[in-house]
Amino acid sequence: MSARDLYKELIAGRSAGSQARGRSADISRRTFLSVSASATGGLLLAVSCKGKDPSPGAASPGAAEPAADVRPPPAGAAAELNAWIHIDHADHVTLRIAESEMGQGILTALAMILAEELDADWSKVSAEHAPCDARRYGRQGTGGSSSIRQGWEPMKKAGAAARAMLIAAAAERLGVPASELTTEPCLVVHAASGRKLPYGTLVAAAARLQPPAEPTLKDPTTYRLVGKSIARLDAPAKITGQAVYGLDVRVPGMKFAVVARPPALGSSVASFDAAKALAVPGVEQVVQVPAGVAVIAANTWAALRGRDALTVQWTPGTHPQLSTAGITETLAAALRPSKTAGAAPAIAKAQGKAEATLARSKRRVVATYEAPYLAHATMEPLNCTVHLSDGKCKVWTGTQGPTRAQSTVAEALGLAPENVEIITTFLGGGFGRRSQADFVKEAAQVAKHVAAPVQLVWTREDDLRAGFYRPAAMATIEAALDARGFPSAWVHRIASPSILEQMNGLVDGVDQSSVEGVVNLPYSAPPNGWHGKPANQAFPLLVTWANPKLPLSTWFWRSVGSSQNAWMVECFVDELARAAGQDPLQYRQKMLPDGMRHRRVLDEVARLSGWGKPVAEGHALGVAVHESFGSYVAVVAEVSLAAAAAGAPGAPGAPGAGAPGAPASPASAASAAPASREPRVHKLWCVVDAGRVVNPNTVAAQMESGLIYGLSAALYGKIDVAGGAITTASFAQYPALRLPQCPDIEVVILNSKAEPGGIGEPSTPVVAPAVCNALLALTGQPVRKLPIAPVT
Amino acid sequence: MSIQLTVNGIARTVEAPPEMPLLWVLRDLLGLTGTKYGCGVAQCRACTVHVGGAPVFACQTPISAVGAQPVTTIEGLGAAKLHVLQEAWLAEDVAQCGYCQPGQLMSAAALLAQHPAPTEAQIDEALMGNLCRCGTYPRIRKAIARVAAGGALAPARAQDGAK
């Protein structure tokens, strides 16, 4: 099992060290064994995707909507055909999706697959988050761009099995053989007699039948939904303010909590004085919890003011000397050969005699790249609502890992997991951060002290300063070039703090996530001349990985190791092309033989972007290509340099008054040095081969999303440390792309019959190298450190 | 203290300290959770609402400053019938995680109220404060352009999302 396949398992709460077991197989078995009559049957939980009529007067104190739209259905109204599919007497189909909706469109996409094989009428379909129930859904975790890849076959089978049960019920009702029956959307049809039975009239009988072990699947050429661009089911709720995120959970009698957190890494509470905090109106309790000191109040504002008023003495941090520059030094030290620098780097890949070839070579290129720690910075700050009473616990949160959240809360509170109910709300962004359970655990630890439901709220500062981060990374890459300028050896030494180590997830001493995108380097040397060998030849490749010890917590960040490794590899390839005196796109084409999927997306992006044709004065193009999560993405970026402009995200809006009638300006002019010029990205052309595509509209949106997320990081993203404390604490210090800076983006999805690839992450790694390679073309200077610094 | 205000056309009375930001009054006291908390310091505009028709940071607006001016939140934007921008948002399938979208819509609605056919520069100016981490900006731009061009109600529903 590769690191990428592990991600989902880890997010769902499996220990990396335990024996790997295919989740798909697990699910498909459950699909057919655990049909109906479950304890959760009929209980409709979580978020309904169908838009509700906005009713402005509906909400009032104490009379708020029940949390997270928990709606018990009328008794007997809907029958369950399996864990995913409920149908009521009016043919309304409710699909329970066990993956978490964080913007990637998974509620819609998995619903499309189920509805396709069920032959449901799409206008009667709604989707909602399934309850957390490992017995029925397997371990639930959303990540690693795996939902469609792993859900494709099981969801097809679940839909088809339910359809077969409806047909069997109709056969019995009509007294005809099942083989004479077909379906139209939400109808079983007996063509010979012209009779049609709506699914709603059959569902009660169908629910009592045994599901077929191997249901017949549709011929893909007959698909009505899969492969079509279909509007997202959750869109109406999200544009009317009706969608319920974790922070929107409102339960009668609930309290709100914030936690005062240590100012420095490794610091903790020495003592505290709650008096001033308790004097703030609305503050009800101040208690010490493992994360710091929790202030519990009647509303969020009071809790925040109480935290401001609190006096806490903290123990000194454990790394008082650590700074951003010190992180760089630590990474660099881990790359230097040394007998005293701890463990020797591990060998992640050794193909051929790379070092020996390099040593013999007369023509070498070497470069060292550095990428910073990054925060996820989801728009919705982290939060979790917990109600502990009578030895049972109810938890509402936007989590990527419901099963992990369940076991974490159970452990924190000493409860059996079955006494912990997890209700998954919409996620206001995930990007990997919400697959951690730290905030869920904290909420449980706070809830122990509160005799009411309590919502733990992280502020933006908490999110940036107390987070888990994409690990920083540094790599020195050295290549030997042959007479034509192609690599004859590639030695790639990486230093990057491990993510998987904390889960006992190293394989042969290597964190596979730290080296992904390098150990599977796609390039090979083209045949040498007309009479040379007919096929490209792999060149010797050595990849080593060192695991420097730094005190920042690390975690999965959108596209994980590829997020830094693709940048380094693809920038280095441009440096090689430059050394070889070749066009960087053609150079790549020669190293990617015909028939490779990398080559296909590269060829298409060359055509789409008009590569080789003149561009505007002062503009240049850069290209990059990368495979991750089973999908292949090539990007061309058109970039120029401009004087630092007003409205640049470096200064996205001064904190200040926003009095009615005189709203604070949302953005103010940047105060950059006048001589510096910043990259301006005008256009991104993106070509993706994601195999078979369920919803092209969603795939295009995810390509746009991943590119913009990656571009924000490339241009602005870094976490700073000074005096052993994380100093990046606001969007002013951790800027992200704003609308005026957003380039025009054109996405092309290649037709493919290959198995579905991931879509949530694969465009993120490619944008930074494409932009940096354009800057190399513009300035002649490589960009070897992120974020991209202004050019002076 | 007891404070009266009008939210989405409905008179409300809340017990709150006068300095309490409108954001928390709406979310925690009135249960109107469509208005979002993203930063609390006027850097993301997820909390944008209209006060007296003008877009403001609800996180920076003390309840005492609202007075008799009407407050409109996302729940009131298309209460009777979807706002033309909400229709355009559906047509372009803008929302991803959706968390920033109420703020985006409220900023865009204020822009269109002032400039029914905004220029690119006016769109930039009005929306630059609204942060989106999912990267919905290209579709936001298309949705506003769709309304500005008078084509908001075309029921295309993003049929051409892929090429």
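Values computed for the structure shown
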{"quantity": "Relative contact order computed over chain A (Cα-Cα under 8 Å; 6+ residues apart), in percent", "calculated": "14 percent"}
{"quantity": "Net charge contributed by nearby residues that have their C-beta within less than 10 Å of A:T698 (K/R +1, D/E -1)", "calculated": "0"}
{"quantity": "Cα-centred dipole magnitude for chain B, charges only on beta-carbon of K, R (+1) and D, E (-1), debye, nearest 20", "calculated": "320 debye"}
{"quantity": "Peptide-level mean, for A:416-428, of C-beta atoms on other protein chains within 10 Å", "calculated": "1"}
{"quantity": "For chain A, with +1 on Lys and Arg beta carbons and -1 on Asp and Glu, the positive-most of A:V507, A:A577, A:H682 along the dipole", "calculated": "A:A577"}
{"quantity": "Helix B:137-148 vs. chain B, principal-axis angle (Cα, 0 to 90°, nearest 10)", "calculated": "90 degrees"}
{"quantity": "Average partner coverage of B:14-20, which counts Cβ from other chains inside 10 Å", "calculated": "3"}
{"quantity": "Relative contact order %, the range B:84-148, counting alpha carbon pairs below 8 Å whose residues are six or more apart", "calculated": "53 percent"}
{"quantity": "The protein assembly as shown: C-alpha gyration tensor shape, a/c 1.5 cut-off, then a/b vs b/c", "calculated": "rounded"}
{"quantity": "Options A:I749, A:L427, A:P453, ranked by Cα towards positive dipole end of chain A, top entry (Cβ charges)", "calculated": "A:I749"}
{"quantity": "Point-charge dipole on Cβ atoms (K/R +1, D/E -1) for the protein assembly as shown, about Cα centre, debye to 20", "calculated": "1340 debye"}
{"quantity": "Neighbouring partner chain Cβ atoms per residue of A:451-463, average, 10 Å criterion", "calculated": "1"}
{"quantity": "Most positive-pole-ward Cα, B:V71, B:L22, B:A54, against dipole of the range B:2-77 from beta carbon charges", "calculated": "B:A54"}
{"quantity": "Cβ-placed point charges (K, R +1; D, E -1), dipole of the range B:2-77 about Cα centre in debye, nearest 20", "calculated": "180 debye"}
{"quantity": "Ranked by how many other beta carbons lie within 10 Å on average, peptides B:130-141, A:577-588, A:511-522, A:616-627 from highest", "calculated": "B:130-141, A:511-522, A:616-627, A:577-588"}
{"quantity": "Span-like helix ranges in chain A, DSSP H, alpha carbon extent 20 angstrom or more, Kyte mean at least -1.0", "calculated": "A:147-174, A:562-580, A:696-716, A:764-779"}
{"quantity": "Alpha carbon Rg of the range B:84-148, scaled by the compact-globule rule 2.2 N^0.38 Å", "calculated": "0.97"}
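Since every read-out is calculated from the coordinates, none of them should be taken as a lab result. Nothing here was measured: the structure is a model prediction, and the numbers come from that model. A quick note on method: Cβ atoms are made from the backbone with ideal geometry, for glycine too, and the neighbour counts reach across all protein chains shown.
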